[in-house]
Amino acid sequence: MQIDLRSDTVTKPTEAMLVTMMSAQVGDDVFGEDPTVNALEQKSAQMFGFEAGLFCPSGTMTNQIALKVHTQPLDEVIMHRLSHVYNYEVSGYAFHSGVAVRLLEGDNGRINAKDIAPLIQGKNDWEPNTRLVLIENTVNKGGGTVYSLAQMRQVAEVCKQHKLLLHLDGARIFNALVAQNMEAAQLQGMFDSISVCLSKGLGAPVGSVLLGNKQFIAKARKVRKVFGGGMRQAGFLAAAGIYALENNIDRLAEDHRRARVLAETLQQQDYVVEVLPTETNIVIFRLDDKLSGEKFVNRLAENNIKAIAFGPQWIRFVCHLNFTDEMLAEAVSVLQKIGFY
Ligand SMILES: *Cc1c(COP(=O)(O)O)cnc(C)c1O
């Protein structure tokens, strides 16, 4: 049995998803003529209460397009130190948009609304103009942490009060919604744009959608083209996204349950000194100094389990739809026997 806990991006389309993909109606999406892409964009926008959507090849692209459309050079974006946009998108905010970033702290990747206002600047010639706030939900590097509805509302209110735009990196927003028993529509009115990954826990092979108002998405379409992300008969991929939205949201609760079992198992092992609060499908933990992350990952590999070291002593496990209860039982038994040896 091969177990892959590196990421929820490793999932492969199920038979049913593949059948849906193969029978998709397609056209040239650069001409706006792919009915399946249009349907995915409309469906996802409606779910979150937005006017329009844009299908893109990746979550990095949807985030980077949002930054580009919302800002201009000499602007500044406020985000948490653990943000994906700050850590894992090759500093694209500087490369594509020529903006600066101001970092916030906050427990396990969540920013606090009250910390925003003191950072706002732009009155003086020597300061960049604070334009945009970005939050991530769930926070990948925070251990899959979730913002409550109240926390998001507070951030949104501060942004409105100070005329700042607000973008949500919702790569795993459905994990957050399922964990909180919330519907996507409850986010309506809070954000100027949302990026949603279809290729993570939702199990589609490729793609993300960017959501916003009509004017924002019209500009985003142009930026997608200059970034090289205008795809042609992309409906085959969009069909997988529609299938994922229709079939794979509720089952995320199973991934969360399995992640909790992994977290509880890890807490009982003497080689683990800390497990971050496990609220969704991600488990991040710190190893005792006597066991390096590299060594631990190698030992897991010898036992047919793939995982990622997240820094010298930190490991991340991610549960997903190709990680079954049978694999969970096997993973638990490996974690229990692995030890320092
Ligand atoms: C994966 C991820 C992205 C980017 O998605 P890609 O499709 O891999 O480019 C953005 N934000 C977060 C929080 C992610 O986990």
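The values are calculated or read from the model by the stated rules, or taken from the named source; none is laboratory data. Given the structure is predicted, the values throughout are model-derived calculations rather than measurements. Methodologically, a virtual Cβ is constructed for each residue, glycine included, from the backbone with ideal geometry; neighbour enumeration extends over all protein chains shown. These area figures cover heavy atoms from the full protein model, side chains too; ligands, DNA and RNA do not enter into them. Shrake-Rupley method; radii C 1.70, N 1.55, O 1.52, S 1.80 Å.
Which of the numbered conditions does Arg6 fail, given that it passes all the others? Conditions: (1) within 16 Å of the ligand (Cβ to nearest atom); (2) outside the structural domain of Ala185 (by TED's automatic domain parsing); (3) open to solvent by less than 50 Å² (accessible area, probe 1.4 Å).
Of the numbered conditions (1) within 16 Å of the ligand (Cβ to nearest atom); (2) outside the structural domain of Ala185 (by TED's automatic domain parsing); (3) open to solvent by less than 50 Å² (accessible area, probe 1.4 Å), the odd one out for Arg6 is (3).
Out of Gly106, Gly98, Gly92, which single residue is touching an Asp or Glu at 6+ places or on another chain (Cβ under 8 Å), in the same structural domain as Asp192 (by TED's automatic domain parsing) and of a type in the set (Gly, Ala, Ser)?
None of the other options fit; the residue is Gly106.
So for the range 251-270 (the condition being under 30 Å from Val209 (Cβ atoms), modelled with pLDDT under 95 and not assigned by TED's automatic domain parsing to the domain that holds Glu183), does at least one residue qualify?
no
Give the residues of the range 275-305 that are under 15 Å from Leu335 (Cβ atoms) and open to solvent by 20 Å² or more (accessible area, probe 1.4 Å), sorted by residue number. Lay out the reasoning, then the answer.
Filtering the range 275-305 down to residues under 15 Å from Leu335 (Cβ atoms) leaves 275, 278, 283-288, 291, 293, 295-305.
Passing the criteria: Val275, Thr278, Arg286, Asp288, Lys295, Val297, Asn298, Arg299, Ala301, Glu302, Asn303, Asn304.
Of all residues being among the hydrophobic types (A, V, I, L, M, F, W, C) and more than 21 Å from the chain's Cα centre (by Cα) in the range 263-274, which is most open to solvent (accessible area, probe 1.4 Å)? Just the residue, please. Talk me through it step by step, then tell me what you get.
Filtering the range 263-274 for residues among the hydrophobic types (A, V, I, L, M, F, W, C) gives 263, 266, 272-273.
Among the residues that remain, those that are also more than 21 Å from the chain's Cα centre (by Cα) are: 266, 272-273.
Working: Leu266: 0, Val272: 18, Val273: 78 Å².
So, considering only residues that are among the hydrophobic types (A, V, I, L, M, F, W, C) and more than 21 Å from the chain's Cα centre (by Cα), the one most open to solvent (accessible area, probe 1.4 Å) is Val273.
Can you spot a residue in the range 119-128 that is touching a helix residue (DSSP H, G or I) at 6+ places or on another chain (Cβ under 9 Å) and under 29 Å from Ala218 (Cβ atoms)?
Scanning the range 119-128, I find no residue that is touching a helix residue (DSSP H, G or I) at 6+ places or on another chain (Cβ under 9 Å) and under 29 Å from Ala218 (Cβ atoms), so the answer is no.
Can you tell me how many residues in the range 232-253 are open to solvent by 10 Å² or more (accessible area, probe 1.4 Å) and in contact (Cβ under 8 Å) with a residue 12 or more places away in the chain?
Adding up the residues that qualify gives 13.
If Asn213 satisfies every condition in (1) among the polar types (S, T, N, Q); (2) more than 16 Å from the ligand (Cβ to nearest atom); (3) open to solvent by less than 10 Å² (accessible area, probe 1.4 Å) but one, which is the exception?
Condition not satisfied by Asn213: (3).
Looking at (1) open to solvent by 10 Å² or more (accessible area, probe 1.4 Å); (2) part of a loop (DSSP other than H, G, I, E, B), can you tell me which one Gly229 breaks?
(1)
From the list Ala238, Ala244, pick out the single residue that is in contact with a Ser or Thr (Cβ under 6 Å, 6 or more places away or on another chain), over 15 Å from Phe50 (Cα atoms) and in a helix (DSSP H, G or I).
After applying the criteria, what remains is Ala238.
Helices (runs of 4 or more DSSP H) wholly in the range 75-188 with at least 1 residues that are over 28 Å from Leu202 (Cα atoms), open to solvent by 10 Å² or more (accessible area, probe 1.4 Å) and away from the ligand (no atom under 16 Å from the Cβ) - which ones?
92-97, 149-161
Filter the range 38-61 for residues that are surrounded by fewer than 19 Cβ atoms within 10 Å (Cβ to Cβ) and either of a type in the set (Ser, Thr, Tyr) or within 11 Å of Lys214 (Cα to Cα) (or both); which is nearest to the ligand (Cβ to nearest atom)?
From the range 38-61, those surrounded by fewer than 19 Cβ atoms within 10 Å (Cβ to Cβ) are 38-39, 42-43, 46, 49, 51, 58; that's our starting set.
Subset that is either of a type in the set (Ser, Thr, Tyr) or within 11 Å of Lys214 (Cα to Cα) (or both): 51, 58.
Details: Glu51: 23, Ser58: 3 Å.
Of everything passing the filter in the range 38-61, Ser58 is nearest to the ligand (Cβ to nearest atom).
Please indicate, with yes or no, whether at least one residue in the range 76-88 is in contact (Cβ under 8 Å) with a residue 24 or more places away in the chain and more than 26 Å from Gly144 (Cβ to Cβ).
Scanning the range 76-88 turns up at least one residue that is in contact (Cβ under 8 Å) with a residue 24 or more places away in the chain and more than 26 Å from Gly144 (Cβ to Cβ).
Inspect all residues belonging to the range 189-210 and state whether any of them is on the phi > 0 side of the Ramachandran plot, open to solvent by 10 Å² or more (accessible area, probe 1.4 Å) and in contact with a helix residue (DSSP H, G or I) (Cβ under 9 Å, 6 or more places away or on another chain).
Yes, there is a match, as at least one residue in the range 189-210 is on the phi > 0 side of the Ramachandran plot, open to solvent by 10 Å² or more (accessible area, probe 1.4 Å) and in contact with a helix residue (DSSP H, G or I) (Cβ under 9 Å, 6 or more places away or on another chain).
Looking at the range 1-20, can you tell me whether even one residue there is within 30 Å of Lys141 (Cβ to Cβ) and modelled with pLDDT under 95?
Yes: one or more hits.
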